[in-house]
Amino acid sequence: MQESDQQKPLIEVDHLCKQYGDFNAVNDLSFRVFSGDVFAFLGPNGAGKSTTLRMLTSLVRPTSGHVFYFGLNLNEHRTAILKKTGSIVEKPDFYRFLSAEKNLEIFAKLSGRTISRPDIYQTLEWVGLNGREKDKVKTYSHGMKQRLGIAVALIHDPEIILLDEPVNGMDPEGIIDIRNMIRFLNTEKKKTILLSSHLLSEVEQIASRMIIIDRGKLVVEGEVSKLLNSDELIVSVRTTNPQQVKNEINGTKWMQKLSSAGGMNAVFNLRETEIPELNRFLCDHSVDVLSIESKRKLEDYYLKLISGKN
Amino acid sequence: MFLKLTWIEIQKIAAKPRSYIGMIVITVIVLVILLAMKADGTSYIKFVTQSVEQSFLVEGKILNGYLVCFIILQTLIIQIPLLVALITGDAISGEAGAGTLRFLLTKPVSRGSIIMSKYCAGSLYTLGLVIWLGILALGGGLLLFGPGDLVVIKSEEIIILQSSDVFWRFMLAIALAFLALSLVGALSMLLSCFTDNSIGPIIITMAIIILFTIIGTLDVPIFDHVKPFLFTTHMIVWRSLFERPLPMHDIMCSIWILLGHTIVFLAIALIYFRKKDILS
């Protein structure tokens, strides 16, 4: 969904801060989520994603700043807002000594809407838990609990769904299922989804808009397609002699595009179409090219961020 | 929504295996005491009455259902707060530790109603526990030993209550025991709000009760000013119902103090929990 001046945001986070003693978990964070978005909240571990989600679900009180849903302040209209949202914060946990059906029934009763038994069975079937409804949750795997968590988040048909690391700890098949569920909810059921993740590849496949936060601060914001499909690439040429590369490109246009040369790598900032041209140039000048790897700038930036090099 | 919440909390208590520990413990203790009294109750009565036999001639059927019930109530008064705290001390912290509190609080229910519904469900459990104790102790006692006059030996006097004058006292004693145990429920629930570990509130509740009981029983003058304000002093108010005449002023005073403590504990729990950041 394209952001426009005319469109009012469904969620508006306004200069949100959360401080624990001297530690700023979230620092002046502002962003907006619009109707129809699959909005991803990306950041390395400890970036402040969960703290922000906790503030968005009223589990944690902001030190300063505000959260608005549908133009209403969460602090003042908590109950009315939570009726229209479904969320999983961190991993979904349930009453282990009760069945999935009973757990879902309990949370459905608290959702503020009348939920029938067929609704409960239908939702359990939709998340792939049919046949295991009567089993106690303590016998469930992590993936099954995640599915039940999604069922709890959806049972009252909310307009907005907030998911914290929805594919965390799941097997590949489960990841694909959850990804498809999110796509279906967004495209077919017209739900607005805000999800957090530390996996850029995951966000790329699901989200329409994203932000990256680090140390509680917003560092990147925009449409996923624009941010990740940028023409600019970081191209790493692995060679036996990077100094030879430097000598050969001296005085050519490639010199301006060279970012660094050290070890066995010469790193260039290039557009995708320039890669074959550079390769031909190096081969023509008898440079032994062992491999050429390219990364998008954002991907490289994010990898540095999560490895703590940024 | 509040009734719905309370019903949900009752269902949760009913589904937890630990909820039945209290019932089982009470059943076992009461049955052991009843059988022991049936087997060798006369020796026990002789031992208890030997101090007053020099001054009084004790005759008639002293060992009866009412006396056995009275003995059981006195014996179990220390253990029952632990059985109550096992449930109410786990109410918030247990859910925080298990992660379900997070899910619960993202639902459109107020934090105040969550605390109050948990307290009400815990109180209903306590009531069930006390009624079960009453049924077993009084019913079992009357079944095995039959009715009779109740002889209550206090430090400096013997009180004899006629058989027809005892039953209502036990009913009120059970009601007062419930009031005292509801206070224990409120205290352990308050402590439960401060932590994510369910064992902590249970242990601290018992530690407070034991500490206050020790202070209350020590004959040290410095504690004399403190004793009337300790809730443990008033938790044994049910015993006053077996005096004649009834010390109504003392009983009412104890009731108000027990109620006051319960309200204060609940109020602190509500204020704290409403502002608490849920980080579990």
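The values are calculated or read from the model by the stated rules, or taken from the named source; none is laboratory data. Keep in mind it's a predicted model, so treat the numbers as computed, not measured. Positions of Cβ are generated from backbone atoms using ideal geometry, with glycine treated the same way; all protein chains shown enter the neighbour counts.
Of all residues in the range A:225-263 being touching a residue at least 24 places away in the same chain (Cβ under 8 Å) and among the aliphatic types (A, V, I, L, M), which is surrounded by the fewest Cβ atoms within 10 Å (Cβ to Cβ)?
If we take residues in the range A:225-263 being touching a residue at least 24 places away in the same chain (Cβ under 8 Å) and among the aliphatic types (A, V, I, L, M), then A:Ile234 is surrounded by the fewest Cβ atoms within 10 Å (Cβ to Cβ).
Checking A:Lys84 against (1) crowded, with 20+ Cβ neighbours inside 10 Å; (2) of a type in the set (Lys, Arg); (3) touching a strand residue (DSSP E or B) at 6+ places or on another chain (Cβ under 7 Å), which test does it fail?
That leaves (1) as the condition not met.
Only one of (1) modelled with pLDDT of 90 or more; (2) away from chain B (no Cβ under 12 Å) fails for A:Ser141. Which number is that?
Of the numbered conditions (1) modelled with pLDDT of 90 or more; (2) away from chain B (no Cβ under 12 Å), the odd one out for A:Ser141 is (1).
Can you pull out every residue in the range B:198-216 that is more than 18 Å from the chain's Cα centre (by Cα) and surrounded by fewer than 17 Cβ atoms within 10 Å (Cβ to Cβ)?
Answer for the range B:198-216, where residues must be more than 18 Å from the chain's Cα centre (by Cα) and surrounded by fewer than 17 Cβ atoms within 10 Å (Cβ to Cβ): B:Ile199, B:Gly200, B:Ile215.
Does B:Leu150 satisfy the criteria of being in contact with a Phe, Trp or Tyr (Cβ under 6 Å, 6 or more places away or on another chain) and under 21 Å from B:Phe70 (Cα atoms)?
Yes: the conditions hold for B:Leu150.
Being at pLDDT below 90 and part of a loop (DSSP other than H, G, I, E, B) is true for just one of A:Gly251, A:Gly222. Which residue is that?
Being at pLDDT below 90 and part of a loop (DSSP other than H, G, I, E, B) holds for just one of A:Gly251, A:Gly222, which is A:Gly251.
Which residue out of A:Asp171, A:Asp164 is within 28 Å of A:Leu29 (Cβ to Cβ) and either in contact with an Asp or Glu (Cβ under 8 Å, 6 or more places away or on another chain) or not assigned by TED's automatic domain parsing to the domain that holds A:Phe281 (or both)?
A:Asp164
Looking at B:Trp168 and the list (1) assigned to a helix (DSSP H, G or I); (2) surrounded by 13 or more Cβ atoms within 10 Å (Cβ to Cβ), which single condition is not satisfied?
So B:Trp168 meets the others, but not (2).
Which ranges mark the strands (runs of 3 or more DSSP E) fully within the range A:1-119 that have 2 or more residues being within 24 Å of the chain's Cα centre (by Cα), β-branched (Val, Ile, Thr) and more than 14 Å from chain B (Cβ to nearest Cβ)?
The qualifying strands (runs of 3 or more DSSP E) are A:11-20.
Report, by residue number, each residue of the range B:88-123 that is farther than 20 Å from A:Ile88 by Cα and within 14 Å of chain A (Cβ to nearest Cβ).
Matches in the range B:88-123: B:Asp90, B:Ala91, B:Gly112, B:Ser113, B:Ser117, B:Lys118, B:Ala121.
Report the residue count in the range B:8-32 for those that are without any contact (Cβ under 8 Å) to a residue 60 or more places away in the chain and more than 8 Å from chain A (Cβ to nearest Cβ).
7
For residues that are within 29 Å of the chain's Cα centre (by Cα) and either within 14 Å of another protein chain (Cβ to nearest Cβ) or in a helix (DSSP H, G or I) (or both), scanning just the range A:120-138, find the one that is farthest from A:Lys83 (Cα to Cα).
Looking at residues that are within 29 Å of the chain's Cα centre (by Cα) and either within 14 Å of another protein chain (Cβ to nearest Cβ) or in a helix (DSSP H, G or I) (or both), I get A:Lys138.
Condition check ((1) more than 14 Å from every other protein chain (Cβ to nearest Cβ); (2) at pLDDT below 90) across all residues:
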| residue | (1), (2) |
| --- | --- |
| B:Ile214 | yes, no |
| B:Thr217 | yes, yes |
| B:Pro221 | yes, yes |
| B:Leu230 | yes, no |
| B:His234 | yes, no |
| B:Leu246 | yes, yes |
| B:Met252 | yes, no |
| B:Ala269 | yes, no |
| B:Phe273 | no, no |
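Matching residues to (1) of a type in the set (S, T, N, Q); (2) at pLDDT below 90; (3) closer than 17 Å to B:Gly139 by Cα:
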{"position": "B:Lys38", "(1), (2), (3)": "no, yes, yes"}
{"position": "B:Gly41", "(1), (2), (3)": "no, yes, no"}
{"position": "B:Lys46", "(1), (2), (3)": "no, yes, no"}
{"position": "B:Glu53", "(1), (2), (3)": "no, yes, no"}
{"position": "B:Val58", "(1), (2), (3)": "no, yes, no"}
{"position": "B:Asn64", "(1), (2), (3)": "yes, yes, yes"}
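If I filter the range B:228-280 down to residues being among the charged types (D, E, K, R) and surrounded by 15 or more Cβ atoms within 10 Å (Cβ to Cβ), which single residue comes out as farthest from B:Glu95 (Cα to Cα)?
B:Glu243
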